[in-house]
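Scroll down for the structure; my scribbles are underneath it.
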Amino acid sequence: MYQSLLTRRYLTSKIMPLLAILAVMLCSALVLTTWSIMGGFLVMLLKIGREMEGDVSISWPTVGFAHYERLIEKLESDPLIDAACPVIETFGVIVLPDDRQFGVKIKGIDERFARVAAYEQSIWWKPISEPLPKDRAREDVRLDPEWWSRRARMMASDGRIDAAEIAQYRPWEQMLADGLNLRERDPMTGAVVPAVVLGIELSGFSERLPNGTYAPADIAGRRVSEGGFTLKSGFIPNGSVTLTVLPMGPSGRAVGAVSARLPVANEFRTGLFEADKNTVLIRLEELQRMLNMDEAERLVEAPPPADPYATEVDPDGRERAPQRAASGIEPARVTTVLVKGAPGTDPEAVRARCLEAYAAFARELAGRVPSADQMHRTIQTWERQQATFIGAVKREIAMVLFLLLFISFVAVFLILAIFWSMVSEKTKDIGVLRSIGAGRLGVAWLWLRYGVVIGVAGGVLGSALAHAVVWNINPIHEWLGRALGLVIWDPSVYYFPEIPHEVIPWKAGVVLLGGVAFSVLGALIPAVKAARMDPVRALRFE
Amino acid sequence: MTRTAPTTPASPAPATNGAPGAPAAPLLSARSLYKTYRLGRVDVPVLRGVDLDVRRGEWVAVLGASGSGKSTLLHLLGGLDRPDRPAPPSAARAESGRPAGRIAFDGRDLAELSARELDRYRSESVGFVFQFYHLLPELRVLENVTIAAMVRYGRFGFARRRAEVEDHAKALLGSFGLSHRLGHRPAELSGGERQRVAIARALMNDPPVLLADEPTGNLDHATGEAILDEIARTRYAAGLTMVMVTHDREIAARADRVVRLTDGRVA
Ligand SMILES: Nc1ncnc2c1ncn2[C@@H]1O[C@H](COP(=O)(O)OP(=O)(O)O)[C@@H](O)[C@H]1O
Ligand SMILES: [Mg+2]
């Protein structure tokens, strides 16, 4: 009892304990901030990975595998599996409306992709009714349902853009539908044609504003062959791009490049900078056609004959070795089937079900699809596919936290020094307490309790500081960039354009407990010193 | 506040002035107390076989020069320190059959008490008053008094008795004319007021014994006299047994009995 009274009085009448609280506060804020940001980075990575790729992917790269519809049917009959969709993943070259070209990741998808991945959410150009949290000035063009028509009129009156471009302007609802379908109606011919959806950072035409929205560029210049420029609308979903891919022959050799000019239906933003910077989504059937992976009658290589000495007679009546090329219907193929588990299911459990389903599928179609053994290593959760990278991130977090913990140990010594001097200063008081009957344990508890109070106060204040910093890390970072030219968080290095800004409550709890533990540790030796003090000497102390 | 019944003197009547061969066992008794301080390699013997008996309700003054070991003796009696043991062998003493280095309170040997029991003894059976008041500077006057009860009862016991304890503390402070000072800090009080607060703290738990170490040594004559008057009044009212050490003959004269501490012995 007297301990709590004295703790209260010492706290309110001395400057030293406030310094100790400050030290604990700064250390716990440092640890919690770092942990939150780095941990948030990992959480965001995993979350977006799952949003983009579903829980499990079944893939046979490049050549792909056939009869995938049968596999999807099998997978979807499992109650643990919500949905599955066929995907082709390949690489290619894109040529943008302003003639820039670069290598991109190309993903062929169809409507079913939206059931497996958070595709609809990621489509950017669509009608929205509420502004983004940071868009307080309501600058987002998507909030304006008439933006597209106003823009078309503006462009037309300007006269700098040709009519074909202006005809491309569509209402937000239409853009969303086109994005989901990856098809677009050609305004000239009226025909529905396959289209692409680009990652929003890919073209660089739309500028990312600090409030999280994108502002379409007005005009993009295009150099023409005779010299000079023509002008194009800078709103990329109104343009078209040229994609070039390399179809592979049966032996895995490229059989020549295939190009197609495709309108851009929309843009998507996952929040994972890498994906938004270099991914192009295209209608699955179109990509299958370009890569010769569609169902078609083709010359296929027949299996070698059972008898190596067999002969056949050619149309001229001469004997010859049997021709190994034969013509036949080849089924459509995809490289990947993405699977989404039922809500709340552990991705590992979903993976186990996928392995089972694939084994049954491979038995059924033995010889015509890769065997279950071959496939075993390529049926993976997103986390496992990225295991090396995720593991590295996890180790880095652990290492940084360990270092910070080590640095925070300075606070233990600081508290020790402060408590040591306070115990010395309060020697006479300790003697008085002993003379009125306080025991050694009681005196030790006085100082330990004091350490607990300082730890709790420092931890709570530190946690508050960390919350304030983490919640506002992006404005702080922007301010640093403006004021000091310091840009630490480069989206091309750290994957996300925004720094993670969430504090997980249990982490705050752990840091708080750690702060208390460190304070008690620092108070321990002074407390023992106080307890061991000879009361008579303490009373005689000058 | 109730007293521990057995230690309460039956009658607070002033004891007969140190009459030899008084009946009844003494409340506080010291036998062959030795205390030697070690300064580096040199032994400084301070107490060399002190014998002292204090009867219930008696006021004993220990008169001695500065440095004669008066405070040391008081600390031993109050259980703040323990006498040397075993007592240095002394053939004569051993033959006389006296137990070596023994302090008994109400018949109980303090040496037999555990650390916890000794804490309890200091809390409940004795009250200390020091020359330099020794108040806790961060606490207010009332808290400086009630803290003795906080130490005694612990968190829950104190919480239960809080009102009772505070009333008692206020009554004590009131009896010393400090009712208007309850919320002040010690630094805001005069020396005499501080010593009164210290006495109130010593009396907070109604101990049967008050140990006063030159309680007026730091005060001017008039204030010292006033304090002594108050102490005397309180003693009669509460039936206190009191050991007061002083180097001042005049002050010692107010006691029922005066003993002298010279050469580490009581005469
Ligand atoms: N802790 C100690 N170490 C060494 N000598 C001490 C210690 N405490 C007291 N003394 C010595 O013991 C003697 C008696 O001290 P004390 O009991 O305070 O005497 P008094 O109260 O009569 O003035 C003094 O000479 C003092 O210097
Ligand atoms: Mg003294």
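Read-outs throughout are calculated quantities, based only on the coordinates presented, and are distinct from any laboratory measurement. Remember, it's a predicted structure, so these values are computed and weren't measured experimentally. Backbone-built Cβ (ideal geometry, glycine too); neighbour counts: all protein chains shown.
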Calculate, axis by axis, the spread of Cα positions in region A:355-482 along the three principal axes, and write the results as whole Å, longest axis first. 93, 48, 20
Using a 10 Å cut-off around each Cβ, can you sort A:202, A:22, A:182 from fewest to most neighbouring Cβ atoms? A:22, A:202, A:182
Answer with one residue from B:245, B:226, B:113: the one whose Cα lies farthest towards the positive end of the charge dipole of chain B, charges on Cβ with Lys, Arg +1 and Asp, Glu -1. B:113
Kindly express, to the nearest 10 degrees and within the range 0 to 90, the angle between helix B:221-238's C-alpha long axis and the longest C-alpha principal axis of chain B. 90 degrees
Need the C-alpha centroid separation for region A:87-114 versus region A:23-39, integer Å. 41 Å
Please give every one of the lysines within straight-line cross-link reach of residue B:70, meaning a C-alpha to C-alpha distance under 26 Å, and leave out same-chain neighbours fewer than 8 residues apart. A:426, A:428, B:35
Expected integer from the mean partner chain Cβ neighbour count at 10 Å over B:140-152 is 4
Counting DSSP beta bridges in the protein assembly as shown, what percent are antiparallel, to the nearest 5? 75 percent
Quick one: dipole size for region B:36-77, taken about the Cα centre, charges +1 on Lys/Arg Cβ and -1 on Asp/Glu Cβ, in debye to the nearest 20. 140 debye
Let's test the formula: R0 of 30 Å, r as the Cβ-Cβ distance of residue B:250 and residue B:171. What FRET efficiency results, to the nearest 0.05? 0.45
Distance in nm between label sites at residue A:540 and residue A:188, each 7 Å beyond Cα in the beta-carbon direction? 10.8 nm
Give the value in nm², to one decimal: projected area of the alpha carbon convex hull of region A:43-143, averaged over all directions. 9.9 nm²
Show me the trypsin sites (Lys or Arg not before Pro) within region B:21-83 that DSSP assigns to loop and that have at most 16 other Cβ atoms within 10 Å of their Cβ. B:41
Rank B:154, B:27, B:189 by how far each Cα sits towards the positive end of the charge dipole of chain B (+1 on Lys, Arg Cβ; -1 on Asp, Glu Cβ) and give me just the farthest. B:154
Would you pull out the residues with amide H under 5 Å of residue A:104's amide H, same chain only if 5 or more places away, H placed 1.01 Å from N? A:92, A:93, A:94
Just the Cα atoms of the protein assembly as shown: what Rg and Dmax do they give in Å? 45.8, 155
Compactness check, region B:92-251: C-alpha Rg relative to the 2.2 N^0.38 Å globular estimate gives 1.14
Can you give me the C-alpha center-to-center distance between region A:163-184 and region A:518-542, rounded to a whole angstrom? 78 Å
Using 7 Å Cα-to-Cβ label points, what is the residue A:394/residue A:110 separation (nm, one decimal)? 3.7 nm
Separation of alpha-carbon centers, region B:189-208 and region B:233-264, rounded to whole Å: 17 Å
Taking a ≥ b ≥ c as the square roots of the eigenvalues of the Cα gyration tensor, with a/c under 1.5 meaning rounded and otherwise prolate when a/b exceeds b/c and oblate if not, chain B is prolate
Kindly provide the helix-only [θ] at 222 nm of chain B, computed as the sum of -39,500 (n - 2.57) over DSSP H runs of four or more divided by all residues, to the nearest 500 deg cm²/dmol? -11000 deg cm²/dmol
Might you report the magnitude of the Cβ-based charge dipole of the protein assembly as shown about its Cα centre, with Lys and Arg at +1 and Asp and Glu at -1, to the nearest 20 debye? 4620 debye
Which entries of A:47/A:340; A:74/A:105; A:47/A:105; A:105/A:340; A:134/A:394 have Cα-Cα distances beyond 18 Å here? A:74/A:105; A:47/A:105; A:105/A:340; A:134/A:394
Report, in deg cm²/dmol and to the nearest 500, the calculated mean residue ellipticity at 222 nm for chain A, where each DSSP H run with n ≥ 4 adds -39500 (n - 2.57) and the sum is divided by the residue count. -15500 deg cm²/dmol
Ranking request for peptides A:89-99, A:11-21, A:443-453: highest mean number of other beta-carbon atoms within 10 Å first, then the rest in descending order. A:443-453, A:89-99, A:11-21
Simple label model, 7 Å out from Cα along Cβ direction - residue A:154 to residue A:342, nm: 5.1 nm
Quick one: putting +1 on the C-beta of Lys and Arg, -1 on the C-beta of Asp and Glu, what dipole do you get for chain B around its Cα centre, in Debye to the nearest 20? 560 debye
Could you pull out the chymotrypsin sites (Phe, Trp or Tyr not before Pro) across region A:324-405 that fall in loop regions by DSSP (anything but H, G, I, E, B) with no more than 15 other Cβ atoms inside 10 Å? none
Along region A:499-510, Karplus-curve 3J(HN,Hα) (6.51, -1.76, 1.60; θ = phi - 60°) to the nearest Hz, with x for Gly and Pro, reads 6, x, 9, 10, 10, 7, x, 5, 5, 4, x, 4
For the charge dipole of chain A, defined by +1 on Lys and Arg C-beta atoms and -1 on Asp and Glu C-beta atoms about the Cα centroid, which residue among A:432, A:245, A:205 has the Cα displaced farthest towards the positive pole? A:432
Could you give me the radius of gyration and the Dmax of region A:117-187, taking only the C-alpha atoms into account and expressing both in angstrom? 13.8, 41
